[in-house]
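This report concerns only the one structure given below.
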Amino acid sequence: MNIKVLGNTTWGSTLAMLISRAGNDVSLIYRTRDKSEEAQASRVLSVKDFSLEIPKNLKFEHLGDLKLESSDVLIIAVPSDTIEKNIGYLKTVAMDGITVISASKGLSKSGDTLSITLAKELNLDSSQIGTLSGPNLATEIISGNPAITSLSFEDINKANSFRNIFSSPLFRIYSGNDVIGSEIGGSLKNIIAIGCGIIDKMNLGDNAKSAFITRGLREITRFGLRRGAKEYTFYGLSGLGDLFATCVSSHSRNWKLGYSIGSGKSVEQFKKETGYTVEGVEATRIVNMISERDNISMPITSMTNKVINQEYDPATAIKEFMTRDLSKERN
């Protein structure tokens, strides 16, 4: 297969390496021409602290030169807050018949999942679009550690067909057919991870963190069901699996942000010090807006949004959460 990966992010670069090692012809698409030319000339791909020798079947292209006529699959691995800008580029490219896989985690500014946004803006049929989502910390995968993920399309037979482009002895793929549920799980877990970072920095203990993750999962599920997702998805790889990895790992940018907030720093200070794009910040804002509009009970999201905006300090948010009216566990 001929595959294009849009986004020289850590995750995009990792996927390009995985797919090329599986024997596919891959092009990693850069937005910056000099970076793409530098990688093509040096044949070395820098990902985090790793300098990787590039397989012969992995090439580098500039977004301005992108053509998809001879490609089978376009994988999108850009930060979710740049999706509209990247769609602007893709609108200039013929995309008839191509399969699109979203490997980005987040929501569009309107609150739509990325698959819905791509279908609307690029005039694609929803059956053309899948999503890759699971507990996949890129630095661990690029290090050669084993990982598992899920690939979902509306038609599970399509997921069964395309999972082979990623599959290897160290990267196992399961098929699914709940695209929206997978995307919601992958987006909202970042909100919970920010809170877990705060809990860890404040030394509130494992009981508190376990309870927070569990109630966070319930909140994600409640939101997802209102958006048409299937409940079982949230107990799988793109739900509980991704949530757990993001909430307990110090590799997680969202956890790191929460840890920084717990030490008294603002979101802006954290971004300035690290240069990170943190998907959970925008996800918190968007999901909080939707939950208030649609009357969905999401206390963790609400408290996290207030802490991010410095309306509450973390201690006040935790106290308010713990002193809410008592209720039954499943509601």
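Restricting to the range 20-68, and then to whatever is loosely packed, with under 15 Cβ neighbours inside 10 Å and among the basic types (Lys, Arg), can you tell me which residue is nearest to the chain's Cα centre (by Cα)? If we take residues in the range 20-68 being loosely packed, with under 15 Cβ neighbours inside 10 Å and among the basic types (Lys, Arg), then 48 is nearest to the chain's Cα centre (by Cα).
Within the range 6-19, is there a residue that is within 23 Å of the chain's Cα centre (by Cα), surrounded by fewer than 17 Cβ atoms within 10 Å (Cβ to Cβ) and in the same structural domain as residue 153 (by TED's automatic domain parsing)? Can you show your working first?
First, the residues of the range 6-19 that are within 23 Å of the chain's Cα centre (by Cα): 6-19.
Now narrow it down to the ones that are surrounded by fewer than 17 Cβ atoms within 10 Å (Cβ to Cβ): none.
Looking through the range 6-19, none of the residues is within 23 Å of the chain's Cα centre (by Cα), surrounded by fewer than 17 Cβ atoms within 10 Å (Cβ to Cβ) and in the same structural domain as residue 153 (by TED's automatic domain parsing).
Number of residues in the range 237-284 that are under 21 Å from residue 81 (Cα atoms) and among the aliphatic types (A, V, I, L, M): the value is 6.
This table checks each residue for (1) loosely packed, with under 14 Cβ neighbours inside 10 Å; (2) in the same structural domain as residue 227 (by TED's automatic domain parsing); (3) more than 23 Å from residue 16 (Cβ to Cβ); (4) not hydrophobic (A, V, I, L, M, F, W, C).
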residue: 86; (1), (2), (3), (4): no, no, no, yes
residue: 90; (1), (2), (3), (4): no, no, no, no
residue: 97; (1), (2), (3), (4): yes, no, no, yes
residue: 103; (1), (2), (3), (4): no, no, no, no
residue: 106; (1), (2), (3), (4): no, no, no, yes
residue: 113; (1), (2), (3), (4): no, no, yes, yes
residue: 120; (1), (2), (3), (4): no, no, yes, yes
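In the range 99-127, the residues that are without any contact (Cβ under 8 Å) to a residue 24 or more places away in the chain form Cβ pairs under 9 Å with partners that are of a type in the set (S, T, N, Q) and assigned to a helix (DSSP H, G or I), at six or more places apart or across chains, as follows: 110/117; 119/126; 119/128.
If you take the residues in the range 52-98 that are hydroxyl-bearing (Ser, Thr, Tyr) and under 18 Å from residue 26 (Cα atoms), which one is modelled with the highest pLDDT? Once the filter is applied, the top-ranked residue is 71. I'd like to check something: does the range 248-255 contain any residue that is in a helix (DSSP H, G or I), touching a residue at least 12 places away in the same chain (Cβ under 8 Å) and of a type in the set (Ser, Thr, Tyr)? No, the range 248-255 has no match at all.
The values are calculated or read from the model by the stated rules, or taken from the named source; none is laboratory data. Here the structure is a predicted model, which means the values were calculated and not measured. Here Cβ is always computed from backbone atoms with ideal geometry, including for glycine, and neighbour counts include all displayed protein chains.
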